[in-house]
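Contents: one structure, followed by commentary.
The values are calculated or read from the model by the stated rules, or taken from the named source; none is laboratory data. Everything quoted here is computed from the prediction, not taken from an experiment. For neighbour counting, all protein chains shown are included, and Cβ atoms are generated from backbone atoms with ideal geometry for every residue, glycine included. Only protein heavy atoms, including side chains, enter the accessible area calculation; ligands, DNA and RNA are left aside. Shrake-Rupley method; radii C 1.70, N 1.55, O 1.52, S 1.80 Å.
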Amino acid sequence: AATAPGKKITARLKRTLPVRGPQAPTLSELMRWYCLNTNTHGCRRIVVSRGRLRRLLWILLTLSAVGLILWQCAELLMNYYSASVSVTVQFQKLPFPAVTICNINPYKYSAMKEYLSELDKETKKALETFYGFSEGKSKVRRSVDDWNSTGSDFFQQIPLLKVEDFSRTATDLHSGQKRKIEGSVFHKDSSIVNSGDSNDIIGFQLCDANNSSECALYTFSSGVNAIQEWYKLHYMNIMAQIPLETKEQLSYSAEDLILTCFFDGLSCDKRHFTRFHHPLHGNCYTFNSGENGTILSTSTGGSEYGLQVVLYIDEADYNPFLVTSTGAKIIVHDQNEYPFIEDIGTEIETAAATSIGMHFTQSRKLSKPYSDCTETGDDIPVENLYNKSYSLQICLHSCFQKAMVDSCGCAQYAQPLPAGAEYCNYKKNPNWMYCYYRLHEKFVKEQLGCQQICKDACSFKEWALTTSIAQWPSIVSEDWMLRVLSWDKGQKLNKKLNKTDLANLMVFYKDLNERFISENPANTLVILLSNFGGQLGLWMSCSVVCVIEIVEVFFIDSLSIVMRRQWQKAKKWWNGRQRRSSGKAPQARDLERQGHDNPVCIDEELPTFTTALRLPLPQDSPLPRTPPPNYSTLRLDTAFAEQLPDTLELGQH
Amino acid sequence: MNLKKYLVRALHRLQKGPGYTYKELLVWYCDNTNTHGPKRIIKEGPKKKLIWFFLTLLFASLVFWQWGILINTYLSYNVTSSLSIGFKTMKFPAVTICNANPFKYSEVKPLLKELDRLIEAALERILQPGNGSENLSPSLNLELWNQIPLVLIDEHDKDNPVILDIFETNQTAVGNKTALDTETSGSQLPALCPQCSQQGSDNCTYRNFSSAAQAVSEWYILQSTSILSKVPLHERIRMGYQAEDMILACLYGAEPCNYKNFTQIYHPDHGNCYIFNWGMDEEALNSSNPGAEFGLKLILDISQQDYIPYLSSAAGARLMLHQQKSFPFLKDQGIYAMAGTETSIGVLVDELERMGYPYSDCTMNGSDVPVKNLYSQYNTSYSIQACLRSCFQNHMVEICGCGHYMFPLPEGVNYCNNEDSPGWAYCYSSLRSSIKQRQICIDSCKETCNDTQYKMTISMADWPSEASEDWIFHILSYERDMSTNVTLDRNGIIKLNIYFQEYNYRTISESAATTIVWLLSSLGGQFGFWMGGSVLCLIEFGEIIIDSLWITIINLIGWCKGLRQRRARYPDAPPTVSELVEAHTNLGFQPEPPGAVARAEALPPEPGTPPPNYDSLRVQPLDTLGPDSDAD
């Protein structure tokens, strides 16, 4: 009586919420049921096949099909992030790139006299002592005593040395003292290392100012390189102390550099150029920098419609030690890009017309996860010092500058200043050169980690240049050309121009075809799913429905069967204990349970006459029952009709 | 009545399966279809039925959505590009060689004599403004001058610029000048070149120049164009450089060649040009080896002494590599070769092969471009440059009434000159700087689908060397002029090497990213992935629709005749599937509610005879048996 209300509740629950779990009582029944009813091919064959070999074969085949599906789908997934390249060509009005033009010589030598006179004097003296060169004047060597009396700063800072290669002794050419080389020797010209030449090698020594025993010797195979490098070090020291405004004054103005300008068939002048101060090249001028918000464009290709400039290169005012070539340097770049003129500039010859035909290509890569590039550079942990859009070059330079400020305490002259730092000079940082060289060595050997941090930009614009040179002005037009250009130059310059002071430059689009190379995702989700579907369908005629079925049958149903089994076991055990304790024996109940749990389990193998014959005859009923006529048996069993006698025989045995 | 009977019979015969109501049909379809979802709807219990119904709907809508995406992708006609690089035997490019200067000065001097004297006098005035303003030589042809005079504009006073005609001492202050660039300032005396649309009228346009050198050469070009356009073509060809004078030596691979292997073409910018390997009359030459040894070697003479002083200031040869049977547009793609040097040009053929419409907007041969190609008179193929120039010339003829000297003429039109059409320079200038006109041309011209570019690696060296100079000049002079006098010098001689690089081609070819095969397999993949379906499933579905139409027809007829109980009238109809399905889905594994099993008989239930199943030939689940099949 006590159990009756609980039973009622469960009965009502079961009626209203018919969550009955799997209909099969055992795992093997469930599997059978699944195999017969699933939509996937293969499984059914396992069940309906007769004969052990055949069944095994089908199991193997089905398993291998499953394996193949898994393998192919994994392959598809792994290749999901691949890109296909497409090249499109568009003929259109093209934006004209920014063209930055610099004189190779950064500052007017005449104006720099007051800053460089000391250094030049020293350099000349050095040349005279080492090589007997004295600008065509008296070739008398001055005695060493003379040198000491002048007390040269520059040589004390960084002594120039002549190195005897094998004895590892160096002669200070200034003082004449011999000294032992300590520390490491760095060859700037690596070719000399293996030559075994007994020629003396020129170099200079850089020492750690705090710890004089730590020195590095830099040697050069040629005195030309040694002197230039040595000069440059001192030059940078001097320039680092001059404020920017003064430097801009010392360099060339737009009127100085640009004589005539012509763009797209129209005259242009210095207002179309923007000044840009480059630490190594002085004042450079950018045409079409886009600073005032407008970017010029060309709608016609050809040399007449591009930029035509005549540059005035004042060769007489060149610094003899700093630069040894004459001309201008130009770089074609995007308005947002920083012109790395010292790295990738094109040199322009004087007394010649240089025609530069451009072909525009734009490329775009896919960023993560397709390739390791960066869209804006925001994800790179290096501060962009250049105030321009990100590029690999900017990143590397910024990275080096940062390392320089961190380890040497001051910034290198050729790159922009980080906030709060100042350029190195040896009044304040006597140690910087040694530090710089050490750091540079590390940078080149990729020990600073800059190359690892910096990624290339995802999209970039490229102007492929075809450069050719013609003689200009031609012999017959030279006369009037130079006269008129001198007149153009105006009242400031009273002398007639020389043709080696002039360079003609033409920058134009060869054609207005813009090539756009872009990466596109080769796969979209839709295509991936269709590929999955193709694979599943090919091997097993499976679909998402099958996957759901599998989840349903193999996970939910099997689990609930196992649970039910456990529950029944537990119940049985509990009942047994209760029976033992109470002494009652509700045998009938157990039997009923059994019957209830297992009444409607349907044997998939349809009863045939043979199976019916093998059924144990019920003992208590005297009448053998006739097996039910099963008209459906015709369907499957006909296929195995020939097998029936075997089973029959077996049964009879 | 009879009709309906007939129709029902027909339906019965047509499809044994589905019953005679929509529900039966639907159940039959769900049971028998090959798509995976529907079967489960009818096979499961009520709750799962609902789940499966929504799942099937969801999958069906997913399939249609993804199909939409796929078809869209297909219709966008994407392309993929493939790149191939290597060396193969290729046609050697056509090489066009011109002199930067169009005519020999010695030949054109009589024509340009007036002009030269004028410009010299003008330069004299500009450079030394103080002296000699009175003693103007009377022989100067001021008529030529007055058509397009050169003036100086004094812009010291910005609001009231003073215009000084170089040959007239009177200063005219122009209040309302319509200059192209009025804000020119800074430079004290910009040289201007006004171009009046009509002589004497006030409608003048001043073209400002920031430099006198530019103004002078621009003026000279306009004037000389006008003079030379009156000269007949054969006369112009005669005044230009002759092949035998210009091409001194030629060697192609190991085979000698000479000026006769070159095709002469008259180019308005550069006078006589000579094209090697143009492929017009003879087969194009192949080159099957990389390197300078197997390329073209030329020695040219540009005789710089004979240049027209004011026309071309740059001296050198102009050359261009282009495809066979295409017109060389030297101003666009040409490069210079400097006198006194040896120029080596390594060539890489950069090809782009595109698919054309509808994959990319390009033209195969220019026949679908709405611009009349004027360069077809040279028998050359279509190119975008030809199209743009033809477009410009057509506009020029339309607006100014005459053709520009630099471009070929349409039929029945003459070149512009100052006598016949005095306002042409103004008309030309305004047309040239008109952005609208350019945009029209850009929009109407299409690029070609097969774009070939010759990427050149150019290097130079001094040639001839000082040591070899003497004998080389001697031999070359002797060969050309049959005299022992040296007629050549450093300023005129050019050596050229043109050859294929080690990798001589880089071909980017397009292929369709989405073909119809791709589309079908993707569609099939999607259908299969979500529902396990195929084309046959679609046909099945169509069949069901036809069946339901049949049912509708029968129902309609039945309704019309007032027959409601058709099933009673036709006892020969087989038991319906819905009944069957009801029958066996109710059996299944579903245990009876425990309350119902109150009776305690342990006996197995009596196996009864199931109803005769005439439909059993159809595919149906096996678990149709009653609980009689006892497991041991």
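Assorted remarks:
- Only strands (runs of 3 or more DSSP E) whose full extent lies in the range A:273-317 are considered here, and the ones with at least 3 residues that are closer than 30 Å to B:I442 by Cα are A:307-312.
- Residue within the range A:473-485 that is aromatic (F, W, Y) and either farther than 30 Å from A:V310 by Cα or free of Cβ contacts under 8 Å to residues at least 24 places away in the same chain (or both) present: yes
- If the condition is being more than 12 Å from chain A (Cβ to nearest Cβ) and modelled with pLDDT under 90, then the range B:295-322 contributes no residue at all.
- If the condition is being over 18 Å from B:I335 (Cβ atoms) and either of a type in the set (D, E, K, R) or assigned to a strand (DSSP E or B) (or both), then the range B:296-319 contributes B:D301, B:D306.
- Selection of the range A:36-79 for residues being surrounded by fewer than 17 Cβ atoms within 10 Å (Cβ to Cβ) and not in a helix (DSSP H, G or I) yields A:H41, A:S49, A:R50, A:G51, A:N79.
- Top-ranked residue in the range B:400-427 [being within 14 Å of chain A (Cβ to nearest Cβ) and out of contact with any strand residue (DSSP E or B) (no Cβ under 9 Å at 6 or more places or on another chain); ranked as modelled with the highest pLDDT]: B:F407
- Number of positions in the range A:538-548 that are facing another protein chain (nearest Cβ under 8 Å) and either touching a His at 6+ places or on another chain (Cβ under 8 Å) or buried (at least 21 other Cβ atoms within 10 Å of the Cβ) (or both): 6
- The number of residues in the range A:501-534 being in contact (Cβ under 8 Å) with a residue 40 or more places away in the chain and either acidic (D, E) or open to solvent by 50 Å² or more (accessible area, probe 1.4 Å) (or both) comes to 9.
- Test set (1) over 28 Å from B:S81 (Cβ atoms); (2) away from chain A (no Cβ under 14 Å); (3) not hydroxyl-bearing (S, T, Y) - B:N286 fails condition number: (1)
- Search result, residues across the range B:204-252 that are under 28 Å from B:Y274 (Cβ atoms) and of a type in the set (K, R): B:K230, B:R236, B:R238
- Taking the criterion of being within 30 Å of A:L512 (Cβ to Cβ), part of a strand (DSSP E or B) and among the polar types (S, T, N, Q), the residues of the range A:333-390 that qualify are A:T346, A:T354, A:S355, A:T361, A:Q362, A:S363.
- Pairs with Cβ under 8 Å, 6+ apart, first in the range B:425-453 and farther than 14 Å from A:L512 by Cα and of a type in the set (A, V, I, L, M, F, W, C), second outside any loop (DSSP other than H, G, I, E, B) and open to solvent by 30 Å² or more (accessible area, probe 1.4 Å): B:A425/B:Q147; B:C427/B:I399; B:L431/B:H395; B:L431/B:I399; B:I440/B:H395; B:C449/B:E353
- Residues in the range A:414-423 include at least one that is outside the structural domain of A:E342 (by the TED database), over 17 Å from the mean Cα position of the chain (by Cα) and not in a loop (DSSP other than H, G, I, E, B).
- Filtered residue count, the range B:342-362, keeping only those that are more than 27 Å from B:A314 (Cα to Cα), in a strand (DSSP E or B) and away from every other protein chain (no Cβ under 11 Å): 3
- B:G492 being small (G, A, S), within 11 Å of chain A (Cβ to nearest Cβ) and open to solvent by less than 20 Å² (accessible area, probe 1.4 Å): yes
- All positions within the range B:266-295 that are in a strand (DSSP E or B) and surrounded by 19 or more Cβ atoms within 10 Å (Cβ to Cβ): B:H267, B:G271, B:N272, B:C273, B:Y274, B:I275, B:F276, B:S287
- Among residues of the range B:54-99 being among the polar types (S, T, N, Q) and either assigned to a strand (DSSP E or B) or touching a strand residue (DSSP E or B) at 6+ places or on another chain (Cβ under 9 Å) (or both), the one that is surrounded by the most Cβ atoms within 10 Å (Cβ to Cβ) is B:N99.
- A search for C-beta distances below 7 Å between a residue of the range B:382-397 that is open to solvent by 10 Å² or more (accessible area, probe 1.4 Å) and any residue that is of a type in the set (F, W, Y), counting only pairs 6+ apart in sequence or on different chains, returns B:S383/B:F327; B:I384/A:F91; B:Q385/B:F329; B:R389/B:F407; B:F392/B:F407.
Residue-by-condition table, conditions (1) in the same structural domain as B:H404 (by the TED database); (2) open to solvent by 60 Å² or more (accessible area, probe 1.4 Å); (3) touching a helix residue (DSSP H, G or I) at 6+ places or on another chain (Cβ under 7 Å):
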position	(1), (2), (3)
B:I221	no, yes, no
B:H234	no, yes, no
B:M246	yes, no, no
B:N261	yes, yes, no
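- Test: residue in the range B:506-515 that is of a type outside the set (K, R) and free of Cβ contacts under 8 Å to residues at least 24 places away in the same chain: yes
- For the range B:312-322, the count of residues that are among the charged types (D, E, K, R) and open to solvent by 20 Å² or more (accessible area, probe 1.4 Å) is zero.
- Of residues in the range A:278-316 being farther than 13 Å from A:L257 by Cβ and touching a Lys or Arg at 6+ places or on another chain (Cβ under 8 Å), the one surrounded by the fewest Cβ atoms within 10 Å (Cβ to Cβ): A:S297
- Selection from the range B:323-341 of residues that are more than 8 Å from chain A (Cβ to nearest Cβ) and open to solvent by 10 Å² or more (accessible area, probe 1.4 Å): B:Q323, B:Q324, B:K325, B:S326, B:F327
- For the range B:27-46, the set of residues classified as of a type outside the set (D, E) and touching a residue at least 60 places away in the same chain (Cβ under 8 Å) consists of B:V27, B:W28, B:Y29, B:N32, B:T33, B:N34, B:T35, B:H36, B:G37, B:I42, B:K43, B:G45, listed by residue number.
- Residues of the range A:432-453 that turn out to be under 17 Å from A:Q241 (Cβ atoms) and open to solvent by 20 Å² or more (accessible area, probe 1.4 Å), as a count: 1
- Selection of the range A:552-567 for residues being within 14 Å of chain B (Cβ to nearest Cβ) and open to solvent by 70 Å² or more (accessible area, probe 1.4 Å) yields A:I556, A:R564.
- Tally of residues being over 14 Å from A:H397 (Cβ atoms) and touching a helix residue (DSSP H, G or I) at 6+ places or on another chain (Cβ under 9 Å) across the range A:438-456: 7
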